[in-house]
Amino acid sequence: MNTIKAQNFVRNRRYEAFVFLIVFFGLFGFLGHQMGVANLLNTIMNTAWDLLMNTVFFIMGITVLSGALGKLMIEFGVVRLLELLLKPFMRPLFNLPGVAALAALLTFFSDNPAIISLSNDKNFSQYFKKHELISLTNFGTAFGMGLIVLTFMAGVGYFGPALVGLFGALIGAIVSTRLMQKLIKGKIPEKADDELKGNEQNISFKSEGGVFQRVLNASLDGGKSGVELGLSIIPGVLIISTLVMIVTFGPSDSSQGYQGLAYEGVPILPYLAGKVDWFFKALFGFENPELIAFPITSLGAVGAALSLVKAFISEGIIDGNAIAVFTAMGMCWSGYLSTHTAMLDTLGYRSLTSKALISHTVGGIMAGVVAHYAYLLLSIWWVI
């Protein structure tokens with residue numbers, strides 16, 4: 001039996017290798033034929049270099065500052081105060097206990113994985129029924145890197161639309177969390193009522209030392225975590241964004257053709273999106289099919305998606321509505337394809353990954369739709 005399994009494994013690996021080679025050489029062979037092999041290679045290297053120097057370090061600067069701010073807010077009890085203020089809304093909106101507000105705040109100020117350490121903390125998880133605890137993977141992901149996304153959008157001059165996007169992400173989080181609960185409730189064993197005990201005041205953050213020492217330690221520790229987060233987004237930005245841009249934009253100067261410059265490519269994605277542009281325009285108000293690249297990239301890494309914004313601005317194809325939709329979908333999705341599996345695996349429920357992905361896909365789409373129509377409504381009222 002083991003010999004048969006080994007033979008099947010080897011055979012499947014051969015099929016995978018064969019399919020990979022077809023897709024790889026098919027895609028890059030087509031791009032090389034259109035652009036020229038030398039131009040294609042130069043464009044890949046120039047795009048990756050420009051993204052590293054002008055986008056990654058810009059985002060890293062934001063992550064360092066926001067990391068320090070987030071740590072200071074935790075150190076001096078601001079997060080705890082916000083948690084107390086938000087607690088009454090958790091059950092009506094998300095069908096979660098009030099302490100779940102802490103999960104939203106920590107992921108908002110940092111990133112999705114912050115939800116894992118909380119979920120594994122007995123002092124925290126004891127307030128949740130089992131299906132509620134599992135739905136935290138959707139709830140926390142919907143707010144991941146929220147402060148960084150908002151700060152980035154404000155940094156490029158779109159603070160108002162970014163706030164509209166935050167509202168859209170909130171609606172997307174409600175849809176995703178409740179849909180996930182509905183899909184799994186009754187299909188997994190719940191904890192007994194006597195396990196749902198505890199005093200929420202026991203969940204706190206210890207602080208030691210004088211005020212100056214606490215400010216210094218919190219700032220440096222938060223900044224250090226920001227550097228780590230900034231470094232962690234480099235592969236996603238350079239690899240995913242470079243690939244997406246190569247299939248999104250055309251030559252820099254159509255009269256001169258391809259020159260091997262950064263951000264050149266063959267507009268395959270806009271061509272495909274253009275076939276159903278009425279659909280994306282109705283949902284998100286996108287006037288240009290190229291804009292669909294942002295939410296698609298957000299599925300893998302929202303940091304990589306942010307790198308597209310400057311390119312869109314330089315192309316003159318972005319507006320306040322697009323920023324609102326980008327903020328909503330980028331924050332709500334924030335790389336959930338790469339985090340949901342790990343998060344559910346940590347909780348011991350990897351088998352529920354498909355349900356979590358379906359729920360979050362629906363939630364992200366709803367976030368974009370709500371952001372679009374909220375922006376239109378506010379525009380009519382001259383609020384934005």
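Here are a few things to note about the model shown:
- Residues within the range 1-32 that are hydrophobic (A, V, I, L, M, F, W, C), modelled with pLDDT under 85 and either within 17 Å of L243 (Cα to Cα) or part of a helix (DSSP H, G or I) (or both), tallied: 4
- G223 being of a type outside the set (D, E, K, R), in contact with a helix residue (DSSP H, G or I) (Cβ under 8 Å, 6 or more places away or on another chain) and not in a loop (DSSP other than H, G, I, E, B): yes
- Reported count of residues in the range 49-92, each being at pLDDT 80 or above, surrounded by 17 or more Cβ atoms within 10 Å (Cβ to Cβ) and among the small types (G, A, S), is 1.
- Helices (runs of 4 or more DSSP H) wholly inside the range 53-156 that include at least 2 residues being touching a residue at least 24 places away in the same chain (Cβ under 8 Å), closer than 24 Å to K224 by Cα and in contact with an Asp or Glu (Cβ under 7 Å, 6 or more places away or on another chain): 100-109
- Helices (runs of 4 or more DSSP H) wholly inside the range 245-345 that include at least 1 residues being within 21 Å of G146 (Cβ to Cβ) and of a type in the set (A, V, I, L, M, F, W, C): 277-284, 293-298, 302-315, 320-333
- Residue ID - surrounded by the most Cβ atoms within 10 Å (Cβ to Cβ), chosen from residues in the range 306-354 that are at pLDDT below 90 and of a type in the set (D, E, K, R): K310
- Matching residues, the range 363-372, being touching a helix residue (DSSP H, G or I) at 6+ places or on another chain (Cβ under 6 Å) and either farther than 12 Å from A142 by Cβ or surrounded by fewer than 16 Cβ atoms within 10 Å (Cβ to Cβ) (or both): G368, V369, V370, A371, H372
- Among the numbered conditions (1) of a type in the set (V, I, T); (2) out of contact with any His (no Cβ under 9 Å at 6 or more places or on another chain); (3) touching a residue at least 60 places away in the same chain (Cβ under 8 Å), the only one that I318 does not meet is (3).
- Residue selection: K281 satisfies the criterion of being without any contact (Cβ under 8 Å) to a residue 24 or more places away in the chain, surrounded by fewer than 21 Cβ atoms within 10 Å (Cβ to Cβ) and among the charged types (D, E, K, R).
- Residue check, P295 touching a residue at least 24 places away in the same chain (Cβ under 8 Å), buried (at least 18 other Cβ atoms within 10 Å of the Cβ) and touching a helix residue (DSSP H, G or I) at 6+ places or on another chain (Cβ under 6 Å): yes
- Considering residues of the range 197-226 that are modelled with pLDDT of 50 or more and among the acidic types (D, E) only, the residue surrounded by the fewest Cβ atoms within 10 Å (Cβ to Cβ): E208
For every residue, the table says whether it meets (1) modelled with pLDDT under 85; (2) within 26 Å of V309 (Cα to Cα); (3) not hydroxyl-bearing (S, T, Y).
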residue: L106; (1), (2), (3): yes, yes, yes
residue: N123; (1), (2), (3): yes, no, yes
residue: Q126; (1), (2), (3): yes, no, yes
residue: A142; (1), (2), (3): no, yes, yes
residue: V149; (1), (2), (3): no, yes, yes
residue: F152; (1), (2), (3): no, yes, yes
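- Pairs with Cβ under 8 Å, 6+ apart, first in the range 16-44 and more than 19 Å from I239 (Cα to Cα), second assigned to a helix (DSSP H, G or I) and modelled with pLDDT under 90: none
- Cβ pairs under 8 Å, 6+ apart, first in the range 214-233 and more than 17 Å from I62 (Cβ to Cβ) and in contact (Cβ under 8 Å) with a residue 12 or more places away in the chain, second among the polar types (S, T, N, Q) and surrounded by fewer than 16 Cβ atoms within 10 Å (Cβ to Cβ): R214/S207
The values are calculated or read from the model by the stated rules, or taken from the named source; none is laboratory data. Note that the structure is a prediction, hence the values are computed from the model and not measured. All Cβ positions, glycine included, derive from the backbone under ideal geometry; neighbour counts span all protein chains shown.
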